1. Let me confirm something: among M233, M219, which residue is in contact (Cβ under 8 Å) with a residue 60 or more places away in the chain, under 23 Å from R92 (Cβ atoms) and touching a helix residue (DSSP H, G or I) at 6+ places or on another chain (Cβ under 9 Å)?
2. Regarding region 52-66, can at least one residue be identified that is under 20 Å from L8 (Cβ atoms) and either out of contact with any helix residue (DSSP H, G or I) (no Cβ under 9 Å at 6 or more places or on another chain) or without any contact (Cβ under 8 Å) to a residue 12 or more places away in the chain (or both)?
3. Hey, which of the strands (runs of 3 or more DSSP E) in region 1-81, taking only ones fully inside, have at least 2 residues that are over 16 Å from the mean Cα position of the chain (by Cα) and surrounded by fewer than 20 Cβ atoms within 10 Å (Cβ to Cβ)?
4. Only one of V97, V54 is touching an Asp or Glu at 6+ places or on another chain (Cβ under 7 Å) and within 25 Å of I211 (Cβ to Cβ). Can you tell me which?
5. May I ask you to say which residue of V54, V50 is more than 14 Å from I116 (Cα to Cα) and either in contact with a strand residue (DSSP E or B) (Cβ under 6 Å, 6 or more places away or on another chain) or charged (D, E, K, R) (or both)?
6. Report whether or not M104 is assigned by TED's automatic domain parsing to the domain that holds M33, among the aliphatic types (A, V, I, L, M), closer than 14 Å to N181 by Cβ and buried (at least 23 other Cβ atoms within 10 Å of the Cβ).
7. Quick one: is I94 in contact with a Cys (Cβ under 8 Å, 6 or more places away or on another chain), surrounded by 20 or more Cβ atoms within 10 Å (Cβ to Cβ), in contact (Cβ under 8 Å) with a residue 60 or more places away in the chain and of a type in the set (A, V, I, L, M, F, W, C)?
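The values are calculated or read from the model by the stated rules, or taken from the named source; none is laboratory data. What you see is a predicted model; the values in this text were computed from it and never measured. Glycine gets a Cβ as well: all are built from the backbone with ideal geometry, and neighbour counts include every protein chain shown.
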Amino acid sequence: MSTYSTLLYTIANSILTITLNRPESYNALNEQMKKDLNDAFKEAEKNDTVRCIVLRGAGEKAFCSGQDLKEFSSGKRSLKESLEQSYNPLIRKIRMVEKPVIGMINGVAAGAGLSIALACDMRIMSDKAKLIEVFIRVGLVPDSGSHWFLPRLVGMARAFEYAATGRDVDAAEAERVGLVNNVVPLSELEQATMEIAEKLSQAPTRAIGLIKRTLNKAMASDLDSLLEYEAMMQDLASRTEDYKEGVRAFLEKREARFTGK
């Protein structure tokens with residue numbers, strides 16, 4: 001079992017739970033946590049026993065409050081350097097790992113913490129949580145992919161509103177506009193998230209990875225190009241053991257037992 005100084009990393013029933021573990025600072029991202037997160041997703045990608053990833057924050061107050069600004073008060077490292085070396089690789093890892101990633105939004109997700117949540121494949125949110133594109137409050141612009149994710153999720157006008165005003169978005173609004181998949185009471189959040197994770201962890205993992213790969217491709221493709229790409233992905237899916245098992249189960253009128261291979 002892997003150990004990290006700023007994260008909890010646990011695997012059970014093919015589900016990896018990565019917990020941002022700096023509750024005393026609202027799980028703010030310092031340099032060590034960014035390094036740990038990059039390493040954790042790299043390890044998760046290589047671990048064949050992991051078939052679903054849940055990303056959450058420790059405690060009930062915060063998923064992640066964003067960058068720990070104390071680390072930039074000395075001026076020794078530029079924001080550009082931090083993005084290029086830490087945040088951008090992490091966002092790419094979350095999007096490119098061919099396993100489902102669920103963001104369990106247990107509390108506030110702000111700044112880069114919100115960007116990380118938006119990079120997840122699904123988001124389940126507590127009714128007590130809130131989302132904030134907080135950058136404008138300190139005279140900055142959203143980063144870590146927020147400019148890419150927001151307009152695709154909520155449209156250009158609302159993306160501008162959230163980025164330019166930095167106002168709090170409560171759970172009800174987040175669900176209504178499509179920023180999150182589901183909102184549940186805080187007391188039910190872990191159970192609701194793990195029920196979805198359990199279902200995804202028993203699904204055809206390689207097919208889910210190909211779905212994720214194709215959705216990423218679709219964001220910058222015309223229809224003809226995507227149709228060709230879908231055909232290639234379908235060919236890859238048809239060569240998996242899970243496809244063979246799915247067909248057998250259908251013909252035998254039983255539930256399929258997928259292994260992720």
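1. None of the other options fit; the residue is M219.
2. No, every residue in region 52-66 fails to be under 20 Å from L8 (Cβ atoms) and either out of contact with any helix residue (DSSP H, G or I) (no Cβ under 9 Å at 6 or more places or on another chain) or without any contact (Cβ under 8 Å) to a residue 12 or more places away in the chain (or both).
3. Those strands (runs of 3 or more DSSP E) span 7-12.
4. Testing whether each residue is touching an Asp or Glu at 6+ places or on another chain (Cβ under 7 Å) and within 25 Å of I211 (Cβ to Cβ) leaves just V97.
5. Step by step, each of V54, V50 is checked, and only V50 is more than 14 Å from I116 (Cα to Cα) and either in contact with a strand residue (DSSP E or B) (Cβ under 6 Å, 6 or more places away or on another chain) or charged (D, E, K, R) (or both).
6. yes
7. So I94 does not fit the description; no.
Rundown of residues vs (1) small (G, A, S); (2) at pLDDT 95 or above; (3) touching a Lys or Arg at 6+ places or on another chain (Cβ under 8 Å), yes/no style:
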| site | (1), (2), (3) |
| --- | --- |
| V101 | no, yes, no |
| I105 | no, yes, yes |
| M122 | no, yes, no |
| P142 | no, yes, no |
| W148 | no, yes, no |
| M156 | no, yes, no |
| A159 | yes, yes, no |
| A163 | yes, yes, no |
| A171 | yes, yes, yes |
